[in-house]
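Before I ask anything, here is the structure I am working with.
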Amino acid sequence: MAPPAGRFRPWRNLAVFAGIVVVLYSLVLFTGGGGPTPKLGIDLKGGTRVTLTARTVDGRPPSRESLDQARQIIEQRVNGIGVSGAEVVLDGTNLVITVPGANGDQARTLGQTAKLYFRTVISEEPAGAPTPPTPTPTAPPTPAAPHTSVPPPVGGAPAESADPQVAAQIRQARARLQSKDPAVQQQALAALNCAAPNPLRGNDDPSLPLVTCDQRHTAKYLLGPAFLSGEQISSASAGPNPQSTGYEVDLRFKPQGEDIWAKYTASNIGKQAAFALDGDVVSAPQIQAAILPGQQTSITGSFTQTEAQNLANVLKYGSLPLSFQSSESQTVSATLGLASLRAGLLAGALGLAVVFVYCLFYYRALGVLTILSLALSGLVVYAVLVLLGRWIGFTLDLAGVAGFIVAIGITADSFVIFFERLKDEVRDGRTFRSAVPRAWVRARRTILSADAVSFLAAAVLYVLAVGQVKGFAFTLGMSTVLDLVVVFLATHPLVAMASRSRLFSQPGLSGLGAAQRAGVASRSALAAVGKGA
């Protein structure tokens, strides 16, 4: 048996709902940056699409396993730099990265191989230094190092290109820039043009010396073989440089890397160690003292905040198993998406209008409460969308809009279940006021069961799906949860208040007149049958 209607105080539920709305819109208006609008996906806002072509040493197509591993690492980098609404998909032997909004420059850096090696600086000179008259005939001394070789990077030997001609050019560049011959080293150092692209970017052999430039093209270096790999890094973070202006990247190593680095710094105090990322020197600090295991190491340089954060992210999320070159980069227009959005919103508005007309015709006053409840649901959903865009980077795309339109039907179904149960109670002879609590107790079980099934379906779809389908599943699940909030805290109290109003309780206005007449006719027929018996 349901409790008497007088025990339920609808104002309390409505006050809680009003408090939720006030809190949500206070957060929307007074926290975060940007305007009070949701973030839009690439199909609605436009953005950048970058195609990365994999390169292999022997020119053969890369394995599916290595491509999938590269895709996962790039997805981690996308999340690490805070690019929301991005997609990373495999297209044959290519990776296609699509990012919304003004994140094009970040998208172009996501394909860095991020192979970091620690090398000894043998010599350094300004990038504009003149060519020496004669090469040095003797080999430069190689400082002591804990070991003489570095394991090959993940995925095998340094990658080249699927194009045989490009692969041949890389081998020629390696013979010139990674020669063990001192004369060739000095000639390469003198002839090196730092303004030109590095022909060995991401393809340098860690077991050989290297002639290269720094990333800012201000200095040229002759480096010894690598003594430590970036794969030994356990964490990387960016922050302001406390010793000077600019930013730095702080590193912590795995146990094996800590031991190697500690031994190297202890035996090479006063010398330079270069941090070479994809063959370019990002920093070449002088070792001032031995760095003990467990102590933090900093990569310093003239980094901006963005440069330091990007470097920290590519180091933190690991080296790619393949080298990639950007074969295509294009700006994606939002024109088609906006046209589709307008068409979808028009269709949704027409559908809602039909639902409203039907509810007003069939439920009358209860139909007005249906329209009001849907409006309140839309109010809450909008605020949640804005906040999710700020807090977790959620972006609204066409698939998400479709999820919301489907969720409107789920919300309307909850009202229909409640109202039809209410009619059943009235047919049994109860008044509008006494029927509400009994109808609610029975209807809420069905509403909870139906919404639980919808939410589970959305959750499973979110876990298994990729790309924009995830957006559809996310908005569908979120709307289902918010449906329960609206039904329990707004719709039920509003119906209870209407049942206590003399105006709305009138059979012709409440929409329950037909149910009352059907109940009276049914009871009269049963009474007549009883008298006849």
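Derivation of every value follows stated rules applied to the coordinates shown; laboratory data play no part. What you see is a predicted model; the values in this text were computed from it and never measured. Using ideal geometry, Cβ is built from the backbone for each residue, glycine included, and neighbour counts are taken over all protein chains shown.
What is the local net charge at V249, summed over the other residues whose Cβ is closer than 10 Å to its Cβ (Lys, Arg +1; Asp, Glu -1)?
Details: positive: K316; negative: E248, D250, E307.
Around V249, the surrounding residues sum to -2.
Here's something else I'd like to know. Any idea what Rg and Dmax come out to for segment 388-511 if you just take the C-alpha atoms, in Å?
Gyration radius and largest Cα-Cα distance of segment 388-511: 17.7, 54 Å.
Given the Cα-Cα distance of V481 and K254 and 0.36 nm per residue of separation, how much length would full extension add, in nm? It would help to have the intermediate numbers written out before the result.
Working: separation 227, 0.36 × 227 = 81.72 nm, distance 4.34 nm.
Between V481 and K254, full extension yields 77.4 nm more.
Something else: Run the quick spin-label model on L360 and S267: label points 7 Å from Cα toward the beta carbon, then report their separation in nm to one decimal.
8.7
Across segment 211-227, in residue order, what do the Karplus-derived ³J(HN,Hα) couplings come to in whole Hz, using 6.51 cos²θ - 1.76 cosθ + 1.60 with θ = phi - 60° and x for Gly and Pro?
Using θ = phi - 60°, the values come out as 9, 7, 10, 7, 5, 8, 6, 10, 8, 10, 10, 10, 10, x, x, 5, 10 Hz.
Between beta-carbons, use under 14 Å as the cut-off and find the net charge around V486, counting Lys and Arg +1, Asp and Glu -1.
Charge balance in the 14 Å sphere: -2.
Hey, can you rank 452-460, 388-396 by average C-beta count inside 10 Å, highest first? Kindly include the intermediate steps, with their values, before the conclusion.
Numbers: 452-460: 15.6, 388-396: 17.7.
Order by mean packing, descending: 388-396, 452-460.
For segment 185-248, run through the trypsin sites (Lys or Arg not before Pro) and keep only the ones in DSSP coil with at most 16 other Cβ atoms within 10 Å of their Cβ.
Values: sites: R201, R216, K220; in loops: R201, R216.
Answer in residue order: R216.
A further question on this structure: For a protection proxy built on the mean count of beta-carbon atoms within 10 angstrom, sort 343-350, 403-410, 270-277, 442-449 highest first, please.
Put in order of decreasing packing, that is 270-277, 403-410, 442-449, 343-350.
For segment 367-513, what is the charge dipole size about the Cα centre, in debye to the nearest 20, if Lys and Arg each add +1 at the Cβ and Asp and Glu each add -1 at the Cβ? Intermediate results must be reported in sequence, preceding the final value.
Details: 13 positive and 8 negative charges, 110 e Å.
Approximately 520 debye in magnitude.
Take the Cβ-Cβ distance between T31 and A190 as r, set R0 to 60 Å, and report the resulting FRET efficiency rounded to the nearest 0.05. Each step should come with its number before you reach the end.
Numbers: r = 58 Å, r/R0 = 0.96.
So, using R0 = 60 Å, E works out to roughly 0.55.
Evaluate E = 1/(1 + (r/R0)^6) for M497 and Q72, where r is the Cβ-Cβ distance and R0 equals 35 Å; express this FRET efficiency to the nearest 0.05.
On the way: r = 54 Å, r/R0 = 1.54.
Rounded to the nearest 0.05, the efficiency is 0.05.
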